[in-house]
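Chemist: Below is the structure I would like to discuss, written out as structure tokens.
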Amino acid sequence: MLLKIVNVSRTNGNDFALGKVNFILQKNGRVALAGETGSGKSTLLKIIGGLLDADTGEVIFRNRKVLGPSQQLVPGHPEIAYLSQHFDLPKFLRVEQVLSYANSLSRKQADEIYSVCRIEHLLMRKTDELSGGERQRIAIARLLITKPKLLLLDEPYSNLDSVLKNILKSVIQEIGTKLNLSIILVSHDPADTLSWADQIIVLKEGKIVQDGSPKEIYENPVNEYVAGLFGSYMLLSPVALKAFGKASKTAQIIRPENIEVSKTKAKANSGKVLSVVYYGTHYEIEIKVGKWKLLANTKENQFVIGDKVKVKISN
């Protein structure tokens, strides 16, 4: 066990920013914190990094308590690196100068980090000549050359276009695998977390509502809030499920990929196509079946508005 969060809470005025949060991070773990804006993700990240005091509870890192800013002269923990959404780099310096001031590694070790972060070609540039994605990778490299054991990333993909975002995602993936570093990441985008994390912690109003693997979180969300964070869904009542041949005493959350749609399938409910939207990797089709509206994902380009179709819920 690398990190243990025990009953951590914090209030902002009359509101709970966090309410008795508990979880464990194993060595080399990759944890994503998910939740709507204001759910407490960034607050929790700062408390873990020793940059914000908790009102109650404690953060145990490598078997020792992490002290908050009120308990030490310089806020932060020497082995926990935190990258804020609003990071900054010194202006008008060459990148190699910025990095050399922070470096505590050998030249070979530092070069490996520069390679992982894909910034070798940027070392002679000045910091005011960089793109947003380049600046972010350099900021991460500057943290990594201080030899942290845990890296905290607060919304690292915000304000990046798709090309720069994909580069940074590859960098963060390699940081974990090549440098054997544990990472906790905050993101709003399910595509950033489902494919990367081995543990997702979902927060709502400062409390953990679900903690599990990406597969568990996506396929078995505990409620509509969690389901909605990770993509399109439908909540079908027991009556609706029975109409599709599924016996259940409670409502169930169904994903569009669990809806099978065909023009010829026998023993399926009849429906009518209301809309067809193309997303590149698939088509999302809205279908009216009786009094219910369903969403279905398909790769087949054979449906148009008004088509009569057969619909089935897969197991």
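The values are calculated or read from the model by the stated rules, or taken from the named source; none is laboratory data. The model shown is predicted, which means the values in this text are computed figures rather than measured ones. Note: ideal-geometry Cβ built from the backbone for every residue, glycine included; neighbour counts use all protein chains shown.
Chemist: Report, by residue number, each residue of the range 177-195 that is in a helix (DSSP H, G or I), crowded, with 18+ Cβ neighbours inside 10 Å and either among the charged types (D, E, K, R) or more than 14 Å from the chain's Cα centre (by Cα) (or both).
Modeler: ASP192
Chemist: Given the residues ALA17, ALA110, which is the only one that is under 29 Å from GLY132 (Cβ atoms), under 22 Å from the mean Cα position of the chain (by Cα) and not basic (Lys, Arg)?
Modeler: Within the list ALA17, ALA110, the selection yields ALA17.
Chemist: Quickly run through the range 17-45 and pick out the residues that are in a loop (DSSP other than H, G, I, E, B) and among the β-branched types (Val, Ile, Thr).
Modeler: THR37
Chemist: Which pairs do you get when a residue that is within 16 Å of GLU79 (Cα to Cα), found in the range 102-113, comes within reach of a residue that is of a type in the set (Gly, Ala, Ser), reach meaning Cβ atoms under 8 angstrom, with the pair 6+ apart or on two chains?
Modeler: ASN103/ALA110
Chemist: Does ARG118 qualify as being in a loop (DSSP other than H, G, I, E, B), buried (at least 17 other Cβ atoms within 10 Å of the Cβ) and touching a residue at least 12 places away in the same chain (Cβ under 8 Å)? Before you say what the answer is, go through the steps one by one.
Modeler: Details: in a loop (DSSP other than H, G, I, E, B): yes; buried (at least 17 other Cβ atoms within 10 Å of the Cβ): yes; touching a residue at least 12 places away in the same chain (Cβ under 8 Å): yes.
Yes.
Chemist: So ILE253 passes all but one of these: (1) under 30 Å from PRO148 (Cβ atoms); (2) out of contact with any Asp or Glu (no Cβ under 6 Å at 6 or more places or on another chain); (3) of a type in the set (A, V, I, L, M, F, W, C); (4) surrounded by 15 or more Cβ atoms within 10 Å (Cβ to Cβ). Which condition number does it fail?
Modeler: (1)
Chemist: Considering only residues that are surrounded by 15 or more Cβ atoms within 10 Å (Cβ to Cβ) and either polar (S, T, N, Q) or under 20 Å from TYR82 (Cα atoms) (or both), which ones fall in the range 121-138?
Modeler: Result: THR127, GLY133, GLU134, ARG135, GLN136, ARG137, ILE138.
Chemist: Quickly run through the range 75-92 and pick out the residues that are surrounded by fewer than 15 Cβ atoms within 10 Å (Cβ to Cβ) and either at pLDDT below 90 or outside any loop (DSSP other than H, G, I, E, B) (or both).
Modeler: GLN85, HIS86, ASP88, PRO90, LYS91, PHE92 - these are the residues of the range 75-92 that are surrounded by fewer than 15 Cβ atoms within 10 Å (Cβ to Cβ) and either at pLDDT below 90 or outside any loop (DSSP other than H, G, I, E, B) (or both).
Chemist: Follow-up. Please go through the range 226-249 and pick out each residue that is within 27 Å of THR11 (Cβ to Cβ) and surrounded by fewer than 16 Cβ atoms within 10 Å (Cβ to Cβ).
Modeler: Within the range 226-249, GLY228 is the sole residue that qualifies.
Chemist: Still on this structure: Output the qualifying pairs, or none if there are none: Cβ atoms under 6 angstrom, residues six or more apart or on different chains, first residue in the range 129-148 and touching a residue at least 60 places away in the same chain (Cβ under 8 Å) and not assigned by TED's automatic domain parsing to the domain that holds ASP161, second residue of a type outside the set (A, V, I, L, M, F, W, C) and assigned to a helix (DSSP H, G or I).
Modeler: As it stands, the answer is none, since no pair meets every condition given.
Chemist: Among the residues of the range 151-171 satisfying the criterion of being of a type in the set (D, E, K, R) and in contact with a Gly (Cβ under 9 Å, 6 or more places away or on another chain), which is surrounded by the most Cβ atoms within 10 Å (Cβ to Cβ)?
Modeler: Across the range 151-171, the extreme among qualifying residues is LYS165.
Chemist: Residues in the range 276-315 that are surrounded by 11 or more Cβ atoms within 10 Å (Cβ to Cβ) and of a type in the set (S, T, N, Q): how many?
Modeler: Residues that pass the stated criteria total 3.
Chemist: Examine the range 80-91 for a residue that is assigned by TED's automatic domain parsing to the domain that holds LEU181, free of Cβ contacts under 8 Å to residues at least 12 places away in the same chain and under 30 Å from ASN7 (Cα atoms), and state whether such a residue exists.
Modeler: The answer is yes, given that some residue of the range 80-91 is assigned by TED's automatic domain parsing to the domain that holds LEU181, free of Cβ contacts under 8 Å to residues at least 12 places away in the same chain and under 30 Å from ASN7 (Cα atoms).
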